[in-house]
Amino acid sequence: MGLGSSPIGNVTLNSVLSDEERVQFQDSRVIQSLLRDARTIAVVGLSTEKTKASNMVASYLLDEGYDVIPIHPKATEILGQKAFASLSELPEPVDIVNVFRPSGEVESIVEASIAAGARAVWTQLRIVDLDAAKRAKDAGLHVVVDRCIKIEHGRYCGALHWAGMNTQVISAKRPRR
């Protein structure tokens, strides 16, 4: 089976990445490891508006037990969490820097992530800067490109259908007693 045809491990979700790039930046083992081991996630571009995707994703991550740190140039607090104007203001390194900014800003966010001691950089769907992703990888960071952290978390913990909707179906198997 080719990479895009795997029924479970590597759903392409209409990714703009080539097969080779998906292997490099959408590795399901890396994604699962990050989601399992991470505790703190800085969300760059977290909106104060509840209807924006970044706010909904951050709210979901908070509900799932992650420490979410909003990065917003003007806000002081988002979703009840203290906000920071930039990654350089963080008091300690974070596990994942989740990016909700345009692709043209990813390079500077990667540089700030490296300087801040982040363990990983994760860009959301359609946010792609492969040169910046390679720079992050060369600096020793884990990198996920063009994937939604909420969808991936739900997919691997069984909370969401691969398309991002709650199907209310947990399993076709009978529960163990």
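The values are calculated or read from the model by the stated rules, or taken from the named source; none is laboratory data. Note that the coordinates shown come from a computational prediction; the quantities given were computed from them, not determined experimentally. All Cβ positions, glycine included, derive from the backbone under ideal geometry; neighbour counts span all protein chains shown.
Among the residues of the stretch 34-52, those that are under 12 Å from the mean Cα position of the chain (by Cα) and small (Gly, Ala, Ser) comprise Ala38, Ala42. Return yes when Arg22 is exposed (fewer than 15 other Cβ atoms within 10 Å of the Cβ) and either within 15 Å of the chain's Cα centre (by Cα) or closer than 19 Å to Val121 by Cα (or both) and no when it is not. No, not satisfied. The set of residues from the stretch 20-61 being assigned to a helix (DSSP H, G or I) and of a type in the set (Asp, Glu) comprises Glu20, Glu21, Asp37.
Answer yes or no as to whether Lys150 is touching a helix residue (DSSP H, G or I) at 6+ places or on another chain (Cβ under 9 Å), outside any strand (DSSP E or B) and touching a residue at least 60 places away in the same chain (Cβ under 8 Å). Taking the combined requirement at face value, the residue satisfies it.
Pairs meeting the criteria (first residue in the stretch 110-121 and touching a residue at least 40 places away in the same chain (Cβ under 8 Å), second residue buried (at least 19 other Cβ atoms within 10 Å of the Cβ) and among the β-branched types (Val, Ile, Thr), beta carbons under 6 Å, at least 6 apart or on different chains) are Ala118/Val94; Ala118/Val97; Ala120/Ile96. Just one of the listed residues (Glu77, Glu49, Glu64) is modelled with pLDDT under 95 and either small (Gly, Ala, Ser) or surrounded by fewer than 19 Cβ atoms within 10 Å (Cβ to Cβ) (or both), namely Glu64. Number of residues in the stretch 62-109 that are free of Cβ contacts under 8 Å to residues at least 40 places away in the same chain, part of a loop (DSSP other than H, G, I, E, B) and under 16 Å from Leu125 (Cβ atoms) equals 1.
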